[in-house]
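I have placed the structure first, in the form of C-alpha cells, so that the comments after it can refer back to it.
The values are calculated or read from the model by the stated rules, or taken from the named source; none is laboratory data. Model, not experiment: these values are computed from the prediction. Methodologically, a virtual Cβ is constructed for each residue, glycine included, from the backbone with ideal geometry; neighbour enumeration extends over all protein chains shown. Only protein heavy atoms, including side chains, enter the accessible area calculation; ligands, DNA and RNA are left aside. Shrake-Rupley method; radii C 1.70, N 1.55, O 1.52, S 1.80 Å.
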Amino acid sequence: MKALAIDTSNLVMGVSVISDNKIVGELTTNMKKNHSVRLMPAIANLLGEVDMQPGDLDRIIVARGPGSFTGVRIGVSVAKTMAWSLNIPITGVSSLEVLAQNGKYFDGAVCPLFDGRRGQIYTSLYGNIDNRFQLLQDERIMQLVDWIDTIKDKSRKVLFLGNDLPLHREKIEELLGDRAVFGQAADHNPRASELAALGVARDGENPHTFTPSYLRLAEAEAKWLANQKK
Amino acid sequence: MQEKDEIILGIETSCDETAAAIVKNGTELLSNVVASQIESHKRFGGVVPEIASRHHVEQITIVIEEAMKEADVEFDDLSAIAVTEGPGLVGALLIGVNSAKALALAHSIPLVSVHHIAGHIYANRLQEPMEEFPLLALVVSGGHTELILMKEHGSYEIIGETRDDAAGEAYDKVARTLKLPYPGGPHIDKMAAEGSPEIDLPRAWLEADSFDFSFSGLKSAVINTLHNAKQRGIEINPNDLAASFQESVIEVLVEKTYRAAREYGVKQVVVAGGVAANKGLRGRLTDRFANTGIQLSIPPLWLCTDNAAMIAAAGSIEYQKGKRADMKLNGNPGLELEAF
Ligand SMILES: [Zn+2]
C-alpha cells in the first residue's frame, strides 16, 4: 500500500509517504508560517522526491484534530478532496495520538497535549499494557488543573509531550512533582511518519462524510445551546 | 479540426454557500450546485464564520461531485478549475482554495483564481452576451455597493463605491431594527411592495460629480424615525417605513448608475450581487434604462446570490487570458478588484 499522510492540525506541519510499510519520505516544519500556502507545495515536492504520482496512492491519511480549527480544516479539506477525486479511502488519526507515539517506549504513562487557551488543554493519556501502546484516557479539552487531578492518583511517572508545554510546565511540576517527566526538543513535534504508520493499519472511511475532530463546539454554537437550555 | 470545448469547474466558499458548477465555453451552464447554510446561521441572526467553515468542510466534496455528475463530466474533461480567492471570510475561503488546489494537483488540471465580485459581474454572461464595451457594472450585495467600469473583459475600474455601509448591510440593519427574521433584505422588499413611501427619509447624493454611495445616514434616519414615533406614542406602519427606506436606497442607486452610464458613454449596464434580486430595484432600473439605447442586463434571481457558476464564468476569462494560479494560492479576505 502507498499512502500520503498529512498533518496541519497544529503549528507543526508534516507530510509523509509510506510504501509497503516503509516510510519513504517525510517533511516536517515547526514554524509560524501559513499552512494554507505551504501544504500543497510540500505535498507536490515530497511526491516528486519519492518519484510518485498522486495516481499511485492507495490511501490518504490525515491528522483529524484536535488543534487549531483552521489548521485542522486545511489538512482535512486537502485530504478529503484528494481521496475522493482519486477514488481512494481516507483514514483519520487523532492529532494527540500521533504526538503520543513519540513516547511509545516510555516506561509509564504518556500525556500529549495542545494548548486550548484560558487554562485549558486538549489532551489524553496513553501507555503500554500487555506490550501494546494504547489509549488509557479518552481525549478531551479541560482545565489543566482538573486534568492533573484526574491522573494524579496513579503511581506511574507521566511523560508530557507537546510544543505548548512551556505554557503549562510550571503548573504541572507544581502539581505532580518528580512524577512529571518532560520530553526533549525532538520529542515535541508530531511526526507525519508516525501518522502514516498508524493510518495504514486502520480502516478507510468515505471521504464525503469525513469530518474533523474539533473536540469543541464553535463558541456561538455553545452559547446558543446554553441559551436553549435556559 | 474542431476545437475542444472549454470546460471549467467553479468552486465558491467565500461566505455561507458551499457551491460548485460546471460552465462550458464561458457562457453555457451545465450544472450549478449550491449547498446553502442559511438555516444553520438563522439561529444566530447572521453568518458565524467558524460555523460557516465547518459546514464548508463537510459539504465540499459532495457538492463538487454533484456538479460534475449533473454536467456529466470527468476530471479529464476539465480545462481548468476556477476558485474564489477573495474577498470573503478567510476561514471559509481556505476550504475552497485548498480543495481546488488538491484537485488541480491530483489530476494535473490548470488552476485559476477568481475575484468574487468579478464572479458576480460575469454571472450575466451565462444569460446574455457581454461584448459591448465600455460596460458598467452596478454591484450591490451585503458587503459591496460599487460602480465598476470595464473597458474590456477582465479589466475593472471602480468609479464609485460606498463610503460606509454597503446597501445590503443597510438592509440587514434596518431589518433588525424592524425585528424581521434573518436575512432581512427579502423581507423589506416584500413589505415595501405592500406599503407606500410616504415617510420622508434622506438621500445621500454626496458631491455633484461623485459616483460614491453612503447609506449609514439613511439607516440612522430610519432608526430615529422609529424612536421618535415611539416616544410620541405614534404608530408607524412598518410597510410604509420599509417602502420609504427602499425608495431612498433605490433612487440613489438608479440615478447614480444612470449618470455614470451617460458620462462614460457605456453601451451595456450589468447589475450584479445579492441585492440585485430586489424586485423594487430591478423594476426601477428597467424603467430608467428603457428607450435610452443602453442595454440593461440583470441576471435571473438565482444567479444573483452567491454561486459557483459565476466563478466558473469569470474563471473562463482569466483562463483565456492565460492567467494561472499555483500551489501557493491562498484565500485572500481583502482581495481588491482593481489589483486582481
Ligand atoms: Zn457575493
Inset, instruction - Provide a single number: the residues in segment A:206-230 that are closer than 30 Å to A:SER19 by Cβ, surrounded by fewer than 17 Cβ atoms within 10 Å (Cβ to Cβ) and more than 9 Å from every other protein chain (Cβ to nearest Cβ). - result: 1
Inset, instruction - Give B:HIS153, B:HIS116 a once-over and let me know the one that is over 25 Å from B:VAL252 (Cβ atoms), more than 14 Å from chain A (Cβ to nearest Cβ) and modelled with pLDDT of 95 or more. - result: B:HIS153
Legend entry - Residue count for segment B:299-321, restricted to those that are within 17 Å of B:GLU85 (Cβ to Cβ) and assigned to a loop (DSSP other than H, G, I, E, B): 4
Inset, instruction - Can you work out which of the residues in segment B:253-298 that are basic (Lys, Arg) and part of a helix (DSSP H, G or I) is most open to solvent (accessible area, probe 1.4 Å)? - result: B:LYS279
Legend entry - Filtered residues of segment B:63-85 (kept if touching a Phe, Trp or Tyr at 6+ places or on another chain (Cβ under 9 Å) and either open to solvent by less than 10 Å² (accessible area, probe 1.4 Å) or among the aliphatic types (A, V, I, L, M) (or both)): B:ILE64, B:MET68, B:ALA80, B:ALA82
Inset, instruction - Could you tell me whether A:GLY75 is in contact (Cβ under 8 Å) with a residue 24 or more places away in the chain and not assigned by TED's automatic domain parsing to the domain that holds A:GLN184? - result: yes
Inset, instruction - Report, by residue number, each residue of segment B:303-313 that is within 13 Å of the ligand (Cβ to nearest atom) and in contact with a strand residue (DSSP E or B) (Cβ under 8 Å, 6 or more places away or on another chain). - result: B:CYS304, B:THR305, B:ASP306, B:ASN307, B:ALA308, B:ALA309, B:MET310, B:ILE311
Inset, instruction - Could you pull out the residue among B:ALA106, B:ALA123 that is in contact with a Leu (Cβ under 7 Å, 6 or more places away or on another chain), modelled with pLDDT of 95 or more and within 14 Å of chain A (Cβ to nearest Cβ)? - result: B:ALA106
Legend entry - Count - residues of segment A:148-179 that are buried (at least 18 other Cβ atoms within 10 Å of the Cβ) and small (Gly, Ala, Ser): 1
Legend entry - segment B:158-171: number of residues that are buried (at least 22 other Cβ atoms within 10 Å of the Cβ) and closer than 25 Å to B:VAL114 by Cβ: 3
Inset, instruction - Look at B:LYS256 and say whether it is over 30 Å from B:VAL33 (Cα atoms) and away from the ligand (no atom under 16 Å from the Cβ). - result: yes
Legend entry - Filter pass, B:LEU201 being surrounded by fewer than 21 Cβ atoms within 10 Å (Cβ to Cβ) and either under 20 Å from B:THR177 (Cβ atoms) or of a type in the set (S, T, N, Q) (or both): yes
Inset, instruction - Could you please find all residues in segment B:98-117 being more than 13 Å from B:TYR319 (Cβ to Cβ) and either touching a helix residue (DSSP H, G or I) at 6+ places or on another chain (Cβ under 7 Å) or basic (Lys, Arg) (or both)? - result: B:ASN98, B:SER99, B:LYS101, B:ALA102, B:LEU103, B:LEU105, B:ALA106, B:HIS107
Legend entry - Per-region count, segment B:106-120, residues more than 16 Å from the ligand (Cβ to nearest atom) and in a helix (DSSP H, G or I): 2
Inset, instruction - Filter segment B:76-91 for residues that are out of contact with any strand residue (DSSP E or B) (no Cβ under 9 Å at 6 or more places or on another chain) and in a helix (DSSP H, G or I) and give the result. - result: B:ASP76, B:VAL90, B:GLY91
Inset, instruction - Report, by residue number, each residue of segment B:146-157 that is within 16 Å of the ligand (Cβ to nearest atom) and either of a type in the set (Ser, Thr, Tyr) or open to solvent by 10 Å² or more (accessible area, probe 1.4 Å) (or both). - result: B:GLU146, B:TYR156
Legend entry - Selected residue (only one of B:GLU50, B:GLU12, B:GLU28 is surrounded by fewer than 20 Cβ atoms within 10 Å (Cβ to Cβ) and under 26 Å from A:GLY75 (Cα atoms)): B:GLU50
Inset, instruction - Sort out which residues of segment B:121-145 are closer than 22 Å to B:ARG259 by Cβ, within 16 Å of the ligand (Cβ to nearest atom) and open to solvent by less than 20 Å² (accessible area, probe 1.4 Å), and write them in order of number. - result: B:ILE121, B:ASN124, B:ALA137, B:LEU138, B:VAL139, B:VAL140, B:SER141, B:THR145
